[in-house]
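Q: This is the structure I want to talk about, given as structure tokens.
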Amino acid sequence: MGKPPPGKCSQEVWFGLLVSFLLCLVLLCLNYSTSLGANNGIDLSMSKQVRPIGVTKINDTEDSCSDRYIYIHEDLPSKFNSEFLINCKSISAGISSSSTPSMCPDLVNLGLGPKIENSDGVLANESWFITNPYLLEVIFHNKMKKYECLTSNSTLASAIYVPFYTGMDASVHLWNSNLTIRDSSAKNLVKWLSGQPEWKKMWGRDHFFVSGRTSWDFRRVRDNSSEWGSKLRFLPESMNMTMLSMEGSLWKNDIAIPYPTSFHPAKDSEVVQWQNRVRQQERPYLFAFVGAPRPHLQGSIRGKIIDHCQASTTCKFLHCGENNCHNPVNIMRVFQSSVYCLQPRGDSDTRRSAFDAILAGCIPVFFHPATAFSQYLWYLPKNHTKYSVFIPVRDVKDLKEEGIIEKVLQGISKDRELAMREEVIRIIPKLVYADPGSRLDTPDAFDIAVQGILERTENVRKVIREGRDPSIGFAEVDGTKFTFPDTVD
């Protein structure tokens, strides 16, 4: 064989080196990809799948419940909660003493009450119940048991929930003339709580409980048997806690959350279905009133309200004196047929009826700021003109002009009426308590209450971190909270 031409050998060597280098590079990349897939649990057979644009991979170690953990004092002695359920026959179903039926029938369905089987076409689905609003504390407790961020480690908790059934206890003892007996549960409760290790973390300022009664039932000022209520909220330990109830007080640690209505949806679609229904509802009456006169209450305007309604051909009146209002179907039928629903003060400043009206898509008409505007700050728009009408009535004499209510309502433009109703319908999901056995994607009244408590306790922690006194402002009196505004929009 002859010798290869000069330079040809060197070209072949260089070509071989280049091919070897490229082959090594490919093998190295393949090995790296395989190692990466193994380390991240990636199935290489699915390598063509890609993450959607804009979706960020969540760190597996990230705690979605951080700053949201709640610890329930499930070790609370049973005399403060479950024993009331067992002995329900001795507990009144209403706000008065034992003249009303027992609470037992109302406790079914986790406190929601008996399911409404036949609504005569007034209601839209099966998530309607005959709910006793005074069982708010029981409903809340059952929903709290399903809260997604519960912890059995109290050191992780941002808030401590105390499942004391204050309203049921009040129904047993509130009419007792013996103040020692009337206050016994409250004193025993704070004694037990202050002896627990969780108390010393923030001396109770991260503790909260719920009541199915108004806050005034627990703020007796003087030790006189003729004075109303227990002394629970004036006990020093209790002043360090927050109470959620259907009606707040002048004290900043008494916070109002909505009365339970009869609608407890199990699915988000049921809420949307109901909103669409009330939006399309025909409303033949300009305004309506559901209630009864309060002749025993000095300064009550209910009698005048009823007079105004009955004198008008555009007003629908449902008298609750003959138990017509026990069935929610009767109430919702009236409210769904009316554009505006009159909401004077009840036995106290607030009324469940206001929430029934909103649920029916009926624009509420308030006569006192304490009925809603200065109460449900976590729930209702700050600008009350967006969802309601305000006719300020400081005295019965303010309603002496014949037809004054009807004239005010007739003077509202159709555009404003439609805008207010749309706002009313928009806030419905925030005011209902979903079925405790389910969880909605849209926050309900319970979710908003929990979020409010978490934010409140975090604010206290911030004050402590800054070296300031956490007692300042926590339970102070706001003397202007329920006063009439200087001007009316």
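The values are calculated or read from the model by the stated rules, or taken from the named source; none is laboratory data. Quick caveat: nothing in here was measured; it's all calculated off a predicted structure. Note that we place each Cβ from the backbone using ideal geometry, even for glycine, and neighbour counts take in every protein chain shown. Heavy atoms of the whole protein, side chains included, go into the accessibility calculation; ligands, DNA and RNA do not. Shrake-Rupley method; radii C 1.70, N 1.55, O 1.52, S 1.80 Å.
Q: Heads up, I need the accessible area for Ser154: 1.4 angstrom probe, whole protein in place, Å², nearest 10.
A: Answer for Ser154: close to 30 Å² accessible.
Q: Please give every one of the aspartates and glutamates within straight-line cross-link reach of Lys386, meaning a C-alpha to C-alpha distance under 16 Å, and leave out same-chain neighbours fewer than 8 residues apart.
A: Asp415, Glu417, Glu422, Glu423, Asp489
Q: Charges at C-beta only: +1 for Lys and Arg, -1 for Asp and Glu. How large is the resulting dipole of the stretch 183-238 about its Cα centre, in Debye rounded to 20?
A: That gives the stretch 183-238 a dipole magnitude of about 80 debye.
Q: If the only charges are +1 at each Lys and Arg Cβ and -1 at each Asp and Glu Cβ, what is the size of the charge dipole of the stretch 357-489 around the Cα centre, to the nearest 20 debye?
A: Dipole about the Cα centre, nearest 20: 180 debye.
Q: Any idea of the accessible area per residue across the stretch 293-390, 1.4 Å probe, to the nearest Å²? Before the final figure, lay out each step's value.
A: Values: 3650 Å² over 98 residues.
With the other protein chains kept in place, the stretch 293-390 gives 37 Å² per residue.
Q: Between Asn87 and Ser152, take the C-beta separation as r, use R0 = 41 Å, and let me know the FRET efficiency to the nearest 0.05.
A: 0.90
Q: Using the Cβ atoms and a cut-off under 12 Å, what net charge is assigned to the surroundings of Thr442, where Lys and Arg are +1 and Asp and Glu are -1?
A: -1
Q: Go through Glu458, Glu198, Glu117 and list them by solvent-accessible area, largest first, probe radius 1.4 Å.
A: Highest to lowest solvent-accessible surface, that is Glu117, Glu458, Glu198.
Q: Moving on. Past 24 Å, Cα to Cα, is the threshold; run Lys115/Lys146; Lys316/Lys407; Lys397/Lys430; Lys252/Lys430; Lys79/Lys231; Lys231/Lys397 against it and keep the listed order.
A: Beyond 24 Å between Cα atoms: Lys397/Lys430; Lys231/Lys397.
Q: Another question about this same structure. For Lys400, give me every one of the lysines with a C-alpha distance below 18 angstrom, ignoring sequence neighbours fewer than eight places off in its own chain.
A: Partners found: Lys304.
Q: Put Leu150, Leu112, Leu377 in order of accessible area, largest first, 1.4 Å probe: what do you get?
A: Working: Leu150 60, Leu112 0, Leu377 120 Å².
From most accessible down to least: Leu377, Leu150, Leu112.
Q: Let me ask another. From the residues Leu150, Trp192, Phe218, which one has its Cα farthest along the dipole of the stretch 71-218 in the positive direction, the dipole being from +1 and -1 charges on Cβ of Lys/Arg and Asp/Glu about the Cα centre?
A: Trp192
Q: For Leu380, what charge total do you get from the other residues with a beta carbon under 12 Å from its beta carbon, if Lys and Arg give +1 and Asp and Glu give -1?
A: +3
Q: Among the lysines, select those whose C-alpha is under 17 Å from the C-alpha of Lys201, and discard any that sit fewer than 8 residues away in the same chain.
A: Within the straight-line cut-off, Lys201 pairs with Lys191, Lys462.
Q: Accessible area, 1.4 Å probe, largest first: how do Val477, Val221 sort? Could you put the intermediate results ahead of the total?
A: Working: Val477 80, Val221 100 Å².
I get Val221, Val477, largest accessible area first.
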